[in-house]
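S.K.: The structure's right below; bear with me while I get my questions together.
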Amino acid sequence: MVSSLQLFDSPIFDSPIALVTALSFLVISIVFAYTLACWRQRNMMYFAVLAFAVFINVLGYFLEVTATTLEAAVVASKVAYIGVPLTGILFYYFSRVFSGKPRLKALPFTLLLLPAPIFTISVFAYPWLPVFYEELAFSTQGLVNHLMVTPGLLYYPCVLYNLFFTALALFNLVTSFMKQKRYEGAVIFIFAITIPLAAYFYNLAFGNLDGWNPQRSALTLSMALLAIYLVRYKKAEWLSVGRELVVQDMDDAFILLDNKGNIIDHNVSAENYFPKLQKGALNYKLEELWEFPEENYKKYDVYQFGITQNGQYKQLKVSISPLEANEKATGTLVVISDDTASYQMIQDLTRMARTDELTGLRNRATFFSEGSLSYAMTNRHEGHKGCALMMDIDHFKVVNDTYGHAMGDEVLAYIGELILSRFRHTDISGRYGGEELCVWMPATVHHGAYHVAEEIQAAVEAKQFVYGSTTFSVTVSIGIACMRESNPKDFDDLIRQADEALYEAKNTGRNRICTYKPKAE
């Protein structure tokens, strides 16, 4: 059994390379401590797991170069190989998450990860099962103390496993950053992953540099560059438990942008509104969320916009404001809240103010307001045409007296629904008062209006209303006035003319349609 003290019997200052290795171990320890602080931050746990694998790797190598016996160096190698086989696959997974690609499902990720523990177990099985190492020897000659390795069956597959996934990580990040035109980030990540790749290839082609394996120092430099990049883009400012409790679980959507407008953080509520963020869409710009209106990210302000999710409309209120530190802009804060309830209440109040509740038609004031505007627009065009209909339920008082006001309301509601379904969306209908209903039909001539009036009259007469064990029907009288034939002074005059025609229909037998005829001067 090797004493832990034996691992450190030789001073690390005896060799500059040993000193570099010690410095690498110190740097990766700081990076790993930083990632632990970042653990609760969104997507940072993948970087933390990667940092842990590299930390164990560098720790093992540090113990190897400071060992003084073969036994101590073998123990150090076994420590290193807890992390070595994991480095490539974790680099790859971190690259997927950071570049916004979908996270792998459990089964595919498990299958890709499976070789790593097999390699680790095979290292721990030495010397009883020499499948990773056929033989190990210890040398104190060269730049540092080191193990001399005779590769076993699984040695080169482990090297290729790491190389393949590290290269795949590089490809992921290059294509993603270039596609998004994030050239600065591309350079940093390419450089960070190329360093260990170059060390891997050198070691594979030429072996150790007089006993020194540069891979661990290359990995440490790579992790330090990535950590600096993450700190620079403020990813460490949103990691505390308070952030998780206040921001992550808040009902409002929270999106944080850097000074270039890139999304660098968001919470679960933001993912609910913008599903693209569920794929880890960091480093995207706000305008790349297609649900987010372009006009709403041009300046700091409060905006409103609507989205439809699962067939349901939501009205959102978005506040865009600057983030400043020491009087210097550090980014932009976007907070989005669901304002659907307030919006719906305003819509309902507006509708109630404009609509007759019983018939669903416009109330009298709204009918004249909108009708007058439409009439004025129609009157501007040469060859202007349009007609107004006034209709009245015949003997409506008898209906109320015989069957009750509730039944009378049902009759009015039916006719209102009939009007809404039979007329065009450009036609304007309203409740004039009592049982009188009116419709303005722009771009319509007399024979068209008369035909529609006949349809309405026939549909009303055919409807059978049920009251207890009896049924009854009603009829309507309709008056028509058209711009070309009656030459009204304005919209109010046209409605007056239609009302006169209705009066004639009522006085000449009811259940009739009469057209206004100008009186001869």
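S.K.: Which parts of the stretch 404-431 would a label at Thr470 reach, counting a residue when its backbone N lies under 13 Å from a point 7 Å out along Cα-to-Cβ?
M.R.: Label zone hits: 404.
S.K.: Now for a separate question. So how much accessible area does Ser374 have, in Å² to the nearest 10, using a 1.4 Å probe?
M.R.: Counting only protein heavy atoms, Ser374 exposes about 20 Å² to solvent.
S.K.: Here is the link list: Lys314/Lys385; Lys101/Lys314; Lys101/Lys328. Which ones come out longer than 31 Å on Cα distance?
M.R.: Lys314/Lys385; Lys101/Lys328
S.K.: Under unit Cβ charges (Lys, Arg +1; Asp, Glu -1), what dipole magnitude, rounded to 20 debye, does the stretch 423-487 have relative to its Cα centre?
M.R.: The calculated dipole for the stretch 423-487 is roughly 120 debye.
S.K.: Explain nothing, just compute: Karplus ³J(HN,Hα) = 6.51 cos²θ - 1.76 cosθ + 1.60, θ = phi - 60°, for every residue of the stretch 425-438 in order, whole Hz, x for Gly and Pro.
M.R.: 5, 7, 6, 10, 10, x, 9, 6, x, x, 9, 9, 10, 9
S.K.: Out of the DSSP beta bridges found with both residues in the stretch 404-521, what percent are antiparallel (nearest 5)?
M.R.: If I count the DSSP bridges inside the stretch 404-521, around 75 percent turn out antiparallel.
S.K.: Quick one: order Trp212, Trp128 from most to least accessible surface, probe 1.4 Å.
M.R.: In descending accessible area the options line up as Trp128, Trp212.
S.K.: How would Tyr516, Tyr133, Tyr202 rank on accessible area, largest to smallest, probe 1.4 Å?
M.R.: Tyr202, Tyr516, Tyr133
S.K.: If you don't mind, another one. Where only protein heavy atoms count, and the probe is 1.4 Å, what is the accessible area per residue for the stretch 381-455 in Å²?
M.R.: Using a 1.4 Å probe on heavy atoms only, each residue of the stretch 381-455 averages 46 Å².
S.K.: In addition: For the stretch 358-497, take N as its residue count and report Rg(C-alpha) divided by 2.2 N^0.38 Å.
M.R.: 1.09
S.K.: While we're on this one: Between Tyr503 and Lys314, what is the label-point separation in nm under the 7 Å Cα-to-beta-carbon projection?
M.R.: Distance between the two pseudo-spin positions: 5.7 nm.
S.K.: Could you work out how far the C-alpha centroid of the stretch 415-465 sits from that of the stretch 40-92, in angstrom?
M.R.: If you average the Cα positions of each part, the centres end up 81 Å apart.
S.K.: Could I ask something else about it? Once you charge only the Cβ atoms, +1 for Lys and Arg and -1 for Asp and Glu, what is the size of the charge dipole of the stretch 290-433 about its Cα centre, to the nearest 20 debye?
M.R.: Dipole size: approximately 360 debye.
S.K.: Taking 20 °C and 1.002 mPa s as the conditions, I'd like the Stokes-Einstein D for the stretch 298-363 in µm²/s, using the Kirkwood hydrodynamic radius from alpha carbon pairs.
M.R.: For the chosen part, D equals 146 µm²/s.
S.K.: So which trypsin sites (Lys or Arg not before Pro) in the stretch 434-521 pass both tests, a DSSP loop state and at most 16 other Cβ atoms within 10 Å of the Cβ?
M.R.: Lys463, Lys489, Arg510, Lys519
S.K.: Provide, as a two-decimal number, the C-alpha radius of gyration of the stretch 433-487 over 2.2 N^0.38 Å, N being how many residues it has.
M.R.: Its radius of gyration relative to the 2.2 N^0.38 Å reference: 1.45.
S.K.: A further question follows. Shape of the stretch 55-134 from its Cα gyration tensor (a ≥ b ≥ c, root eigenvalues): rounded if a/c is under 1.5, otherwise prolate when a/b > b/c, or oblate?
M.R.: Oblate, since a/c reaches 1.5 and b/c is not below a/b.
S.K.: Please report the orientation-averaged projected area of the stretch 319-436, defined via the convex hull of its C-alpha atoms, in nm².
M.R.: Over all viewing directions, the stretch 319-436 projects a mean Cα-hull area of 13.2 nm².
S.K.: Would you mind telling me the share, in percent, of accessible area of the stretch 362-441 contributed by carbon and sulfur at probe 1.4 angstrom?
M.R.: Taking all protein chains in place, the stretch 362-441 shows 53 percent carbon and sulfur surface.
S.K.: Give the accessible area for His146 in Å² (nearest 10); use a 1.4 Å probe, count only protein heavy atoms, and leave out ligands, DNA and RNA.
M.R.: The accessible area of His146 comes to roughly 20 Å².
S.K.: Rounded if a/c is under 1.5, else prolate if a/b is larger than b/c, else oblate: which is the stretch 91-151, with a ≥ b ≥ c the root eigenvalues of its Cα gyration tensor?
M.R.: oblate
S.K.: How would the stretch 26-166 be classified by its alpha-carbon gyration tensor: rounded, prolate or oblate, with rounded meaning a/c under 1.5 and the a/b versus b/c comparison settling the rest?
M.R.: The shape class here is oblate.
S.K.: Provide the descending list of Cα extents for the stretch 327-385 along its principal axes, expressed in whole angstroms.
M.R.: The Cα atoms of the stretch 327-385 stretch 63, 36, 15 Å along the principal axes, largest first.
S.K.: Pop the C-beta distance of Ile30 and Tyr229 into the FRET formula with R0 = 22 Å and round what comes out to the nearest 0.05.
M.R.: Rounded to the nearest 0.05, the efficiency is 0.90.
S.K.: Still on this structure, please answer the following. Excluding ligands, DNA and RNA, what is the solvent-accessible area per residue of the stretch 298-370 at a probe of 1.4 Å, expressed in Å²?
M.R.: Value returned for the stretch 298-370: 64 Å² of accessible area per residue.
S.K.: Share of Cα-Cα pairs in the stretch 387-440 beyond 17 Å, in percent?
M.R.: For the stretch 387-440, the fraction of Cα-Cα distances above 17 Å is 36 percent.
S.K.: Now for a separate question. Let me check something: with ligands and nucleic acids excluded, how do Lys78, Lys276, Lys328 order by accessible area (1.4 Å probe), largest to smallest?
M.R.: Result, largest first: Lys328, Lys276, Lys78.
The values are calculated or read from the model by the stated rules, or taken from the named source; none is laboratory data. What you see is a predicted model, and the numbers here were worked out from it, not measured in a lab. Quick reminder, even Gly has a Cβ in these numbers, built from the backbone with ideal geometry, and neighbours come from all protein chains shown. Ligands, DNA and RNA are excluded from the accessible area calculation, which covers all protein heavy atoms including side chains. Shrake-Rupley method; radii C 1.70, N 1.55, O 1.52, S 1.80 Å.
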